[in-house]
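Below you'll find the structure, written out as structure tokens, and then a few comments.
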Amino acid sequence: MRKILIINDDGINADGIVRLAKAATEFGEVWVVAPDSQRSAMSHSVTLRHSVEAWKVDFPVPEVHAYACDGQPADCVRIGALNIVPGKPDHVFSGINYGYNTATDLQYSATAGAAFEAAFQRIHTIAFSEDACENHEVTDRYLKEIMSELINKPLAINQIWNVNFPGCGLAECKGILRDRTVSTDSFYMDHYLETKVSEGRISYMVEGIRNYNALAGTDLKAVLDHYVSIGIATNIS
């Protein structure tokens, strides 16, 4: 039986990882190693200067082996693949992230960063993300179908499958677009709000404005147009 390691950046208690693990049980033996709390936007950060801890936890999906970790998402992949899962996993599923991982946001994403770490470990990897909303109709409709489609589709070194589900209702979803490229557009147009906190010190808080324009053929354009986006992302750093 194939072994599937599931990780995320939203934390062990996030709804998305529970839904992903439940779907994955139809495809193999499932192991979860996830951060003990929110770790979004940590990119591919790993812990080098001190140890990380992992411990077995109760998980709401029967027969899933689940561990929480106080490290970063990429740490979860490393200790999961190298130490926790017996004999190394055959696949890594990352997500389901609360919020799209498309366009330039991919470089900040710890969902993607952890997926790329799995790719570096020569493990076949799929990253799953959805719009930051509570409507999961499209994800629930297509999740297992896409798992089945991609789980045996090969990838080159340092590549991952990157899947994004739109947050529209199922009736509004136009289907699946494959072979989407990573958009070079910004998903958010960022600026910083300034607040003077003391003499000589200013606090800066990022504020992003959603960008609703993207080039044709890209992941961002697909989800903006209410399609599920499937594409390959490559880490060349």
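Looking at the chain as a GNM with Cα springs under 10 Å, which of Ala110, Ala118, Ala216 has the largest mean-square fluctuation?
Comparing Ala110, Ala118, Ala216 in a Gaussian network model of the chain, the most mobile one is Ala216.
Only Cα pairs within less than 10 Å get springs; with that Gaussian network setup on the chain, which residue of Gly11, Gly208, Gly99 has the largest fluctuation?
Gly208
Work out from phi, with θ = phi - 60° and the Karplus expression 6.51 cos²θ - 1.76 cosθ + 1.60, the ³J(HN,Hα) of each residue of segment 102-116, listed in order in whole Hz, and give x for Gly and Pro.
Whole-Hz 3J(HN,Hα) from phi for segment 102-116: 9, 6, 6, 5, 4, 5, 8, 5, 7, 4, 6, x, 5, 5, 5.
Report the Cα centroid-to-centroid distance between segment 115-152 and segment 159-237 in angstrom, as an integer.
With segment 115-152 and segment 159-237 each reduced to a Cα centre, they are spaced 16 Å.
Using unit Cβ charges (K, R positive; D, E negative) and no other charged atoms, how large, in debye to the nearest 20, is the dipole of segment 149-189 about its Cα centre?
100 debye
222 nm [θ] for the chain, helices only, -39500 (n - 2.57) per DSSP H run of 4+, per residue, to 500? Spell out each step's value before the answer.
Values: 5 runs with 48 residues, N = 237.
So the calculated ellipticity at 222 nm is -6000 deg cm²/dmol.
Projecting each Cα onto the charge dipole of the chain (Lys/Arg +1, Asp/Glu -1 at the beta carbon, about the Cα centre), which of Asn83, Gly167, Cys133 comes out farthest on the positive side?
Asn83
Below 8 Å, C-alpha to C-alpha, sequence gap of six or more: please give me the relative contact order for segment 106-237 in percent.
28 percent
Under 16 Å from the Cα of Lys22, which lysines turn up, not counting those fewer than eight places away in the same chain?
In chain and number order, the partners are Lys3, Lys144.
Could you tell me the convex hull volume per residue, in Å³, taken over the Cα atoms of the chain?
It comes to 145 Å³ per residue, whole-number rounded.
Of the chymotrypsin sites (Phe, Trp or Tyr not before Pro) in segment 182-237, which ones lie in a loop per DSSP and count no more than 13 other C-beta atoms within 10 Å? Walk me through the intermediate numbers first.
Numbers: sites: Phe187, Tyr188, Tyr192, Tyr204, Tyr212, Tyr227; in loops: Phe187, Tyr212, Tyr227.
The qualifying sites are Tyr212.
For Cα pairs less than 8 Å apart in space and 6+ apart in sequence, what is the mean separation divided by the residue count of segment 189-237, i.e. the relative contact order in percent?
24 percent
List the GluC sites (Glu not before Pro) within segment 112-182 that DSSP assigns to loop and that have no more than 10 neighbouring Cβ atoms inside 10 Å.
Glu134
Taking only Cα atoms and a 10 Å spring cutoff, compute GNM fluctuations for the chain and point out the largest among Lys88, Lys221, Lys153.
With Cα springs under 10 Å in the chain, the top fluctuation among Lys88, Lys221, Lys153 is at Lys153.
Let's test the formula: R0 of 30 Å, r as the Cβ-Cβ distance of Glu137 and Arg178. What FRET efficiency results, to the nearest 0.05? Intermediate values should be presented prior to the final figure.
Details: r = 20 Å, r/R0 = 0.68.
For Glu137 and Arg178, the calculated efficiency is 0.90.
Looking at segment 30-121, which trypsin sites (Lys or Arg not before Pro) are DSSP coil and have at most 13 other C-beta atoms within 10 Å of their C-beta?
Arg49
Going by amide H atoms built from the backbone, whose H comes under 5 Å of the H on Ala66, apart from near neighbours?
Amide H neighbours of Ala66: Val32, Val57.
Normalised by the number of residues in the chain, what is the relative contact order in percent for Cα pairs under 8 Å and 6+ residues apart?
Here the relative contact order equals 18 percent.
Just for the chain, what percent of DSSP beta bridges are antiparallel, to the closest 5?
Close to 40 percent.
Laboratory data are not the source of any read-out in this text; all were calculated from the coordinates shown. None of these values were measured; they are calculated from a predicted model. All Cβ positions, glycine included, derive from the backbone under ideal geometry; neighbour counts span all protein chains shown.
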